[in-house]
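Here's the structure, in structure tokens; my notes come after.
The values are calculated or read from the model by the stated rules, or taken from the named source; none is laboratory data. As the structure is a prediction and not an experimental result, all values here were calculated from the model. All Cβ positions, glycine included, derive from the backbone under ideal geometry; neighbour counts span all protein chains shown.
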Amino acid sequence: MSRPVGRIRFMDAQRVNLDGFAVPDAALGLIAFDSPADPEPSLVIADGRVVELDGRPEAEFDTLDEFIARHGLDLAVGDEAMALDNVEFARMVVDPSVARAEIIRLSAGMTPAKLAKSLAMLRAPELMMAMTKMRARRTPSNQAHVTNRLDDPLLLAADAATAAAFGFRELESTVPVLADAPSNAVAVTIGAAVGAAGVLVQCSVEEAAELELGLRGFVSYAETISLYGTDQVFLDGDDTPWSKAFLTSAYASRGIKMRVTSGGGAEALMGGAEGRSMFYLESRCVALARAIGSQGVQNGGIDSASVAGAVPRGVRSLTAENLMVMMRNLESCSGNDALMSESEMRRTARTLPTLLAGSDFICSGFGSIQRYDNMFGPSNMNAEDIDDFLAIQRDWGVDGGLRTATAENIGELRRRAVAAVRAVYSWFGLAEFTDEHAERAIDAAGSKDLGDTDTMAVLNAARTIRDSGMTGIDIVTALYESGFQTEAERVLDMLKARVDGDHLHTAAIFDEQMNVLSLVTDPNDYRGPGTGYDLSGERAVEIDAIRQQRSVADLLDAQAGAADSDAFTSSGTAAAGQDPREVVIGLSPAAGRAIWTTLSGLPLTVALQEILAGLEEEGCLGRVVRINDTIDVGRIGLIAARLSGSGIGIGLQGKGTALIHRRDLPPLANLELYSVAPNITRELYRLLGINAARHALGATPDPARNPYSDEAIEARYHTKVVSFVAIERRCEQPGRAPEQLELRGVS
């Protein structure tokens, strides 16, 4: 095979080609929708009992059919719901004028195959419209992963406080070493309490261990109860729908919020798809979740997201999975927690529909820590993406559950979280941490910044927590007696909430005043434009105020800090020159008045000195004038040229844009244009002077070229340019003549 041409070699090197893309294969379950093996929808009820479900008679029911038939369907509405035309029902789902409650009522009577057939018809924008209406809770939220590869409790606490400060209302931790789980749970719970009130915490480990952590008050929710769409995969895990239902009841009966986990592609990944499509199998899982009494579902691919993403329409099926959960009247914790692609564009496209439509949890685990520290594996969004996510919220005016936290606030919270964990661990004799280690944890961007960590000390602390019989109440006591009264009260409030159980309602979260927001207290009431959730004025301000935004006043302050007020001396009105070797440099109105640093970061005086040096190098003389009555760089250059003895002038704006002009050219014409101000270096300003001199002397210089760059500098600088132009406009003085300037240190 001949070598591909350069364009193809270049395309082959792009990161999207690190992803796996599969040829659809229904036999292996590598098909998103509508496998030939998917059953046709059917529901036959005799004497109040389901005797046929999706083409399978009762005598042939597997365990999933049996459980769904007995516990997962509203038989009172079954005949009505199943009789609806699939297209008709799909349109009802999208139509804002059809109330959410009506869709919920009908969905309750639909079999897995019926619901899958209808939702498979929805296109991407229709899925988003439906999700906007169908999510359970009116107010969107988000969940974070908080882990590190060392299970370092100080770093866990600092990162938990950071995640809470950014607005995450659930924090999910796990462990690289199972025995460390009690220590991790305690550290994240304390850190979350430092960051904000009402943050729910999970430590995702083996189910018996996780349940014990919940019973002892170290965590407040769980979501590791996995469901699958075929009997075989259930049996491989020694599980049945009945065992999952029992575990669900065990959590809920002790005031621990829980949801189940499933996701398209899991059965194909485990070799048990039975030739069925990913979406149909997930429809069985969601029906089962409703049947076993879970208040919610974490789905949308999860660990198998990349399997779904490998086939056509697979990513679309992940969003449709989330919608299906909402239509079963369950909390949707909407995936976006597994890195389904190495492509930045594909990762964003995967998450954006859910962010725009809104969900009970936009992500079931946004990696609030760095990718390398995420012990679940990298999330689709990680700490590297937080600023991007905040900006996207701002771009679209949508609520993704997060907010900007200032550098000062984050620093204070991390310091307090580390101090609180040190105090609690010292109180119980679990471990002692040095001041040096504490300072590293406060400052660390990730565990690589910690240096050496005594992992045996963590293991011993976890063992002591487990064996001593400690409970959440003991943590409250230690915090209170160690001077962390606010945090003690927040942990105690979470324990008290377990008694009344309001947070066990579907899609429940606490706000920071410990109010429960749920399907019961905060139901989604979207019925079209002008209804449903929208940003309040206060929330809009919070979303809009990202830390990177800058105003004209901010730029003026920065420029004032770089001002060199003695650099220029005005000597009156500038006159026309006579020397044929003279080149006039015309400055914009704000240059040397309010603007002192160009977009490239170069001091304006340095840029001028380089231009003057280039002129001198070629045997020409430079004269500096300020053009007061225009901010247009073309007119500035032309006026300078008409004042110049050689007829050649240079226009230079405060932001650094420059050109060479000639007195007989139209204003918008020029000899050379240095337009990309952020890329103009000292060397290029020197070349500008050299080329202007050569033009003045009658030569034809080789024009300067913009340097090679693949940076999108427009996004980086355009808003700053708006501020520069506003400052120039303030300094503009219509009708005022150009003035002669002397630059200090230049004769």
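The table below lists the values:
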quantity: Residue in region 334-342 that is under 15 Å from the mean Cα position of the chain (by Cα), at positive phi and in contact (Cβ under 8 Å) with a residue 60 or more places away in the chain present; calculated: yes
quantity: For residue 306: the one exception among (1) surrounded by fewer than 22 Cβ atoms within 10 Å (Cβ to Cβ); (2) among the polar types (S, T, N, Q); (3) touching a helix residue (DSSP H, G or I) at 6+ places or on another chain (Cβ under 8 Å); calculated: (3)
quantity: Those residues of region 508-531 which are out of contact with any Pro (no Cβ under 9 Å at 6 or more places or on another chain), small (Gly, Ala, Ser) and in contact (Cβ under 8 Å) with a residue 60 or more places away in the chain, in sequence order; calculated: 508, 518
quantity: Matching helices (runs of 4 or more DSSP H) fully within region 545-656 where at least 3 residues are farther than 23 Å from residue 734 by Cα; calculated: 552-561, 604-617
quantity: Check on residue 610, surrounded by fewer than 24 Cβ atoms within 10 Å (Cβ to Cβ), at pLDDT 95 or above and assigned by TED's automatic domain parsing to the domain that holds residue 737; calculated: yes
quantity: Filter result for the condition that a residue is surrounded by fewer than 21 Cβ atoms within 10 Å (Cβ to Cβ) and touching a Ser or Thr at 6+ places or on another chain (Cβ under 7 Å), over 90, 108, 116; calculated: 90
quantity: Residue count, region 439-471 (criterion: among the aliphatic types (A, V, I, L, M), more than 23 Å from residue 179 (Cβ to Cβ) and touching a Leu at 6+ places or on another chain (Cβ under 6 Å)); calculated: 1
quantity: Of the criteria (1) surrounded by fewer than 22 Cβ atoms within 10 Å (Cβ to Cβ); (2) in contact with a Cys (Cβ under 7 Å, 6 or more places away or on another chain), which one residue 275 fails; calculated: (2)
quantity: Filter result (closer than 18 Å to residue 145 by Cα and in contact (Cβ under 8 Å) with a residue 60 or more places away in the chain) within region 202-248; calculated: 204, 218, 220, 223, 225
quantity: Residue list for region 240-262, filter: closer than 16 Å to residue 64 by Cα, small (Gly, Ala, Ser) and in a loop (DSSP other than H, G, I, E, B); calculated: 262
quantity: From the options 152, 159, residue that is among the charged types (D, E, K, R), within 19 Å of residue 418 (Cβ to Cβ), at pLDDT 95 or above and more than 23 Å from the chain's Cα centre (by Cα); calculated: 152
quantity: Residues (of a type in the set (D, E, K, R) and in a loop (DSSP other than H, G, I, E, B)) located in region 129-141; calculated: 135, 138
quantity: Counted residues, region 530-544 - those being touching a Lys or Arg at 6+ places or on another chain (Cβ under 8 Å) and assigned to a loop (DSSP other than H, G, I, E, B); calculated: 2
quantity: Helices (runs of 4 or more DSSP H) (entirely within region 347-446) containing at least 2 residues that are in contact (Cβ under 8 Å) with a residue 12 or more places away in the chain and surrounded by 24 or more Cβ atoms within 10 Å (Cβ to Cβ); calculated: 407-427
quantity: Residue in region 626-633 that is surrounded by 19 or more Cβ atoms within 10 Å (Cβ to Cβ) and touching a Ser or Thr at 6+ places or on another chain (Cβ under 6 Å) present; calculated: yes
quantity: Residue that is surrounded by the most Cβ atoms within 10 Å (Cβ to Cβ), among those in region 142-184 that are assigned to a loop (DSSP other than H, G, I, E, B) and among the charged types (D, E, K, R); calculated: 152
quantity: Test: residue in region 28-50 that is in contact with a helix residue (DSSP H, G or I) (Cβ under 9 Å, 6 or more places away or on another chain), farther than 23 Å from residue 289 by Cα, surrounded by 11 or more Cβ atoms within 10 Å (Cβ to Cβ) and free of Cβ contacts under 8 Å to residues at least 60 places away in the same chain; calculated: no
quantity: Any hit, region 317-326, residues being in contact (Cβ under 8 Å) with a residue 60 or more places away in the chain and surrounded by fewer than 24 Cβ atoms within 10 Å (Cβ to Cβ); calculated: no
quantity: Residue list for region 298-356, filter: hydroxyl-bearing (Ser, Thr, Tyr), modelled with pLDDT of 95 or more and touching a Leu at 6+ places or on another chain (Cβ under 6 Å); calculated: 319
quantity: Residue satisfying condition, being at pLDDT 95 or above, more than 31 Å from the chain's Cα centre (by Cα) and more than 16 Å from residue 187 (Cβ to Cβ), within set 385, 449, 435, 443; calculated: 435
